[in-house]
Amino acid sequence: MSKARKVSWIPLLCIIVIAACIRVYRLTDIPPGVNRDEASIGYTAYSLIKTGKDEYGRAFPLSFESFGDWKLPMYIYLTVPFVKVLGLNELAVRLPSAITGILAVISTYFLIRSLFSETLTSDLIPLVVALFLAISPWSVHLSRVESESNLAVLLVTVSVLLWLKALHGKPKYFLFSYPILALTFWVYAGNHVFSSLLFLGLIVLSWKEMRRSKFAYVGVAIFAILLTVILTQTLFSADRTKISGISIFGDPTVVHLAIETPRTEQPNPNSILVRLLYNRATFAAETVFQNYLKAFSPQFLFISGGTNHAHNIENFGNLYLIEAPLFYLGIIYLLTKKKNRADKLLLWWLLISPIASSITKDAPHTNRIFAIYPLPPIVSTLGLVWLTERIKNKRAVIISMVVIGLLYTANVALYVNRYFVLFPRNEADNWGYGYKKLTQVLESPEYKDKHVIMSAPEVSPYIYLLFYSAYDPHTYQIQAKRYPITSDGFTNVAGYGRFTFRDVNWKKDICIPSTVLVDFVNGRSPFVYPQSKVIRLPNGVPFFQIFTTSVFGCIKQPGDEQLYHSAKN
C-alpha cells in the first residue's frame, strides 16, 4: 500500500459507529450491576475526589491496596474525572473502558495500514480487521466493564503503531512509542510480562534502524526510567501479592496433590527418579505448558471462554464460532509463508500473549490473555485473505464470502441475544444487581438507622454498599475495621459505621434488639427465615433475605423451635 493511498473515512466511520453502539448501549444496566473490582475502582476514585486519599487514608498513592490485591493506578485515576462529572455510578466506571474499546478499533485500522504498508493489496483488509474487532465478543465484553487489560491493549496498539511510523521514516516517534509501552506497567499486572517481552521483540526487529537514530536511544532511556519508577511503586506491593495469590503455586492443595501424593504412591518414594519426576520444577513446567496450549484451544477461544464470570457470558466463546477456521488458517498462513518484519512481529505477539496467564493457577484466563488483542481479528482476516487467494474461480469466491457473511451475521445475532437479553436476566448473581437493590432497601427510612449484620465478609459486601450509597469517604476511612490479613495477602473488612460483616448466626443474632440481619439465600443460607424481606434477581431467584429483629430482642415463646423452616420462594 502506498503512502498516498487515502483513508476510507466513510466505511471507517460506519464501523466506529457500530463499535460505539454495541459498547455503550444500556451500559448502566448490562452487565447487571458492578462487579467487585468496578465497585472498588469507582469508590476509590470517589474517595480521591472527596478526600485526596484512598480507602486506607493514603494520599494519592501509585499503588492501591484495595482488597489486598494492590491495584495499579492508571485506570483509577482515569476514572476520577468521569466520577466527578457523572457521579458515582456504573456509567462513570465503565465509560472509560467503552471509549478505550472504540479507540482500539480506530488505532487498529491505522496499525494494519502501517503494518502492511508495502504488501497490502486492498483497502478492504484494514476495514475488515476493524469491523471484526468492533463486533468481537471478547473486546465488546471487556469494553463494557471496567477493564485495565482493555486500556493496556489500546496503549500497546498505539505504541506499536508509533513504532512502525518511526521505522517508516519518522524516527521521532521512537520518543513516544517506547514510553507509551512503559505506561502499560502501570495499567495491568499481566503486562509486566507481556510488555517486557514485546519490548524486546521490538528492539530486535528494529535494531538496524535504532542504531542510526538518537531518538530511539532517548526513547529506550525514557522507557527504562519510567519502568524503574513504576516498579519501585509496585514490585513489593501489587506484583508481590499478584504473584503469591494467583501463581500456579498459590493453591497449596493443588501442589500437594500433584507432587507429594504421587510420591507416596510410589514403591520407593525417596528414590532419585521419583524426586526427578515429582517436584515443583516439573510440576511448574508441565502446568505452564498445559496452560499455554489451552490458551489456543477451541474450547477456550470459540466454545465456552474462561471460567471467571466477570469476563465471559455463559456458554459462549471469546470469539465467534465462525472465526475458528479463519483464525487457525491465519496462524498456518503466518507460520508457512515467507516472513517479512510484519509477519515476525505478529508471530512474536501471538506467541508471548498467553505467557502471563500460563503461570497462573486459573488459566486460561480471559482477562490475562487479552494482551493477544488485536491479533485475533488480524489473524482471522489473514485467514480469510489466504482462503480467497486459493479459490481461483471468481464466482466461488463470491459464494464463499456470502456464506461466511451469513454465518457471521448469525453468530453476531446469537451473541447480541445472549448478551443483551439472556445475560442480564440469568447471570445477575455474579454481578452487583442484588447489592444495588439491597443498598436501596437498607438506605430506606425503615432500615436507615438500624445496626446491620451481613454475611460473607470474604466476598467484600462492604464495597458494594459504599459504592451504591456513595458513603462519605472521610467517614469511612475513620470507621473502617478490618480482619487480619489472610495467608495469601488479602484483606476483608469487618465493619464500618452501622455495618458488621460476619456470618449470621441465626440462633443467636435474632436475640440482638433492633438489628437487621442480611444473609444470602442460595448456597450459604438454604432457608428463608420467617417474615424476612427477600431481594430477588431479575429471573425471580431469591438472592438476599433481610430480617429485622424485635426491639425487645429474643422473647421466649411457645413454638420458637419452629422458627427455622425451609422455603421454596
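For residue 381, state whether it is under 20 Å from residue 316 (Cα atoms) and more than 22 Å from the chain's Cα centre (by Cα). Working first, answer last.
On the way: under 20 Å from residue 316 (Cα atoms): no; more than 22 Å from the chain's Cα centre (by Cα): yes.
No, not satisfied.
Do we have any residue at all in the range 194-213 that's among the small types (Gly, Ala, Ser) and within 28 Å of residue 489 (Cβ to Cβ)? Yes. Condition check for residue 45 on (1) within 18 Å of the chain's Cα centre (by Cα); (2) buried (at least 21 other Cβ atoms within 10 Å of the Cβ); (3) closer than 26 Å to residue 486 by Cβ: one failure, at (1).
Of the helices (runs of 4 or more DSSP H) lying entirely inside the range 41-151, those carrying at least 1 residues that are in contact (Cβ under 8 Å) with a residue 60 or more places away in the chain and in the same structural domain as residue 232 (by TED's automatic domain parsing) are 90-115, 124-134, 137-143.
Filter the range 61-111 for residues that are basic (Lys, Arg) and modelled with pLDDT of 95 or more and give the result. Break it down stepwise before answering.
Keep residues of the range 61-111 that are basic (Lys, Arg), which gives 71, 84, 94.
Answer for the range 61-111, where residues must be basic (Lys, Arg) and modelled with pLDDT of 95 or more: 84, 94.
Filtering the range 17-40 to residues that are assigned to a helix (DSSP H, G or I), out of contact with any Lys or Arg (no Cβ under 9 Å at 6 or more places or on another chain) and surrounded by 18 or more Cβ atoms within 10 Å (Cβ to Cβ) leaves 19, 36, 39. Quick check on the range 447-466: of everything there that is in a helix (DSSP H, G or I) and in contact with a Lys or Arg (Cβ under 9 Å, 6 or more places away or on another chain), which residue is surrounded by the fewest Cβ atoms within 10 Å (Cβ to Cβ)? Looking at residues that are in a helix (DSSP H, G or I) and in contact with a Lys or Arg (Cβ under 9 Å, 6 or more places away or on another chain), I get 459. Of the helices (runs of 4 or more DSSP H) entirely within the range 335-433, those holding at least 3 residues that are closer than 16 Å to residue 156 by Cβ and touching a residue at least 60 places away in the same chain (Cβ under 8 Å) occupy 341-352, 355-358, 375-390.
The values are calculated or read from the model by the stated rules, or taken from the named source; none is laboratory data. Since this is a predicted model, take the numbers as computed values, not measurements. Note that each Cβ is placed from the backbone with ideal geometry, even for glycine, and that neighbours are counted across all protein chains shown.
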